[in-house]
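Shown next, in structure tokens, is the structure this report addresses.
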Amino acid sequence: MSRRAPFSNLDPATAADTRRQRYDQHEQDGYMEHLLPYIHSCVPDPPVSTTARLVARRTGPSDGVDRISSLSDTLLRDIVSRLPFKDAARTAVLATRWRGLWLAAPLVVADAHLLNHWPPTPADAAPVTAAVSHALATHPGPFRCVHLVSTRMDAYQPQLKRWLRLLAAKGVQELVLVNRPCPREVPLPDTLFRIATLTRLYIGVWKFPDAAHLQGASFANLRELGIFSVVVEDGDIDSVVARSPVLEILNIQGTIKGLRLVGNSLRCVQICASVVENIAVVHTPCLERLILWDVRGSPNPASGLCTRIKIGKAPKLRILGYLEPGKHVLEIGGTTIMAGIKPSASTMLRTVKVLSIKSCFGSNDTKMLPDFLKCFPNVEALHVISVKCNEPGDKLNTKFWQEAGPIVSVLMRIKVMTVREFRGEQHELAFLQYFYENARVLKYASVVAANARVTGISDKQMFSILQNMNDARWASKFGLAIMGSNGPEGGRPWMFERGSNFSDDDPFAPVKFLEHGPASAPR
């Protein structure tokens, strides 16, 4: 019998613990192998790159004159601050003046720039850690950005504590701190929560310090916070948010018991690939976006546990999704939205203009969808992701939608409607037919078919299915774009950067429609 490959992500202690709990160690190792790339795709990239090319415009033959030295110190410091830190440090050997420039430039330190390969190996840990220690110790600061994602910090906890003390003393604006995957419960030093200069902080694969050590936490300048696969106690994240008076963006991935959102400056909250029992929007006067992707109430789908989403005071909430009937229980103004509930002023969110839904149209969970839609009477753009159903319900046909009663947003408001992961099933077609027959002000619609390799139905066949829909009773004339997809089953994972881009007024849209032209290509 051949031996299985050694673990690449499980340390001996975690492997032994996994074995004691009778979990498959190799499956756990594989899970960690997929977790880190996802986390790395979620955190911001360093603001400098080792692959960028420096291009100078030449207006004539070279005359050998040194024009760089004639530039001002301010401009040269700005140039040095845009270099990877190894290259920035090398400028110090050019001349005495350049050494002073390097020491005065806000530095970017990214440990991945020390490697010529990815992912890092265990053998990389010692030299990378030594180089980071040297850079942080020798440069007087401030640090424009420090991006540390390459080391298993369980073996270097004393160095980590020293790094954070140096960053607190010298000033760091942006910090990305991701531990290699195991063990997951490496504690974050409480010094981190006292770096007052931070404006952006992303942490991944750690354990929060005890609540007693968070009492002195203060992020006076923090505007963006990302927390990924961090072991937290109930209330830890709430406490950090409360101590961040100018926080605008909060991004979360992982398992938390509950989240209670209170923040005068919060504008965007995104929770993705997470297990959360309840999310309460309590007092968020500036909240514009609440984005939930693959949020469930239990790691075990068979448990039937749902995530309860309570919307309290959020007078500027404009963008909301992805709500999932059957997986999410929606509560508005203290009232739980249930099947057949009569809409009232207290159960409506009139500020929401962009809404996204994930629904299995062949499942009985879809019976909640009309009630969800009635809670948002002013929605102008509706985006739907069709989820594959393994247990189809009955009678979810066109008659079901007709008997659901009038939905104000469908009749009078929605101008854009898109469907993704379309499979051409009768339950999906019944929803589309109902929608197109009732949407009086619809201007643009798109249907993006699921990958043909998943459905077994070619794009040409899917196009024919949609073309054969009866359009005689459609309520308006609108542009309809029909497209295929080459993405994975269920669609690509949500990207936090997309949701927090405030210049995009509809981050859910799979295509962008132009007022005087064809739809753009799928994003």
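Observations on the model:
- Overall form of the range 352-506 per C-alpha gyration tensor (a/c, 1.5; a/b vs b/c): rounded
- Rounded percent of accessible protein surface that carbon and sulfur make up, the range 352-506, 1.4 Å probe: 47
- When you restrict to C-alpha pairs under 8 Å that are six or more residues apart and normalise by the size of the range 352-506, the relative contact order lands at 21 percent.
- The phi torsions of the range 200-206, fed into the Karplus equation with coefficients 6.51, -1.76 and 1.60 and a -60° offset, translate into couplings of 9, 9, 10, 10, x, 6, 9 Hz, rounded to whole numbers, with Gly and Pro shown as x.
- Euclidean distance between Cα centres, the range 221-256 to the range 270-335, Å: 16
- Within the straight-line cut-off of under 18 Å between alpha carbons, the lysines reachable from K316 are K353, sequence neighbours fewer than 8 places apart in one chain being disregarded.
- Nonlocal Lys pairs with alpha-carbon distance under 21 Å, the range 374-523 (8 or more apart, or different chains): 11
- Fraction of accessible area attributable to carbon and sulfur, the range 113-196 (%, probe 1.4 Å): 55
- With the whole protein complex present, R440 retains an accessible surface near 150 Å², based on a 1.4 Å probe.
- Computed over the alpha-carbon pairs of the range 414-458, the distance histogram in 5 Å steps reads 5, 20, 27, 22, 15, 7, 3, 0 percent, short to long.
- Judged by the ratio a/c of the largest to the smallest principal axis of the C-alpha gyration tensor, the range 404-495 counts as prolate, that ratio being 1.5 or greater while a/b is larger than b/c.
- Solvent-accessible surface of the chain, averaged per residue with a 1.4 angstrom probe and all protein chains in place: 48 square angstrom.
- Prolate/oblate/rounded call for the range 239-371, Cα gyration tensor, a/c under 1.5 rounded: oblate
- Calculated mean residue ellipticity, 222 nm, the chain: -7000 deg cm²/dmol, from DSSP H runs (n ≥ 4) at -39500 (n - 2.57) each, averaged per residue and rounded to 500.
- Accessible area of I68 in the full protein assembly, 1.4 Å probe (Å², nearest 10): 90
- Each listed q (0.05, 0.11, 0.13 Å⁻¹) maps to a log10 I(q)/I(0) for the chain, found by the Debye formula over equal Cα scatterers with no solvent: -0.25, -1.05, -1.28.
- Over the chain, Cα pairs under 8 Å with separation of 6+ residues give a relative contact order of 7 percent.
- Residue-level accessible surface for K367, protein heavy atoms, 1.4 Å, Å²: 90
- Accessible area ranking (1.4 Å probe, heavy atoms, ligands and nucleic acids excluded), largest first, for R162, R97: R162, R97.
- Of T74, T455, the order by accessible heavy-atom surface (1.4 Å probe, DNA, RNA and ligands excluded), from most exposed downward, is T74, T455.
- Selection among T96, V329, C360 by position relative to the dipole of the chain gives T96 as farthest towards the positive end (Cβ unit charges, Cα centre).
- Taking all protein chains together, R289, R260 sort by accessible area into R260, R289, largest first [probe 1.4 Å].
The values are calculated or read from the model by the stated rules, or taken from the named source; none is laboratory data. A quick note: this is a predicted structure, and the numbers were derived from the prediction, not measured. Cβ coordinates were reconstructed from backbone atoms using ideal geometry, including for glycine residues, and neighbour counts include every protein chain displayed. Ligands, DNA and RNA are excluded from the accessible area calculation, which covers all protein heavy atoms including side chains. Shrake-Rupley method; radii C 1.70, N 1.55, O 1.52, S 1.80 Å.
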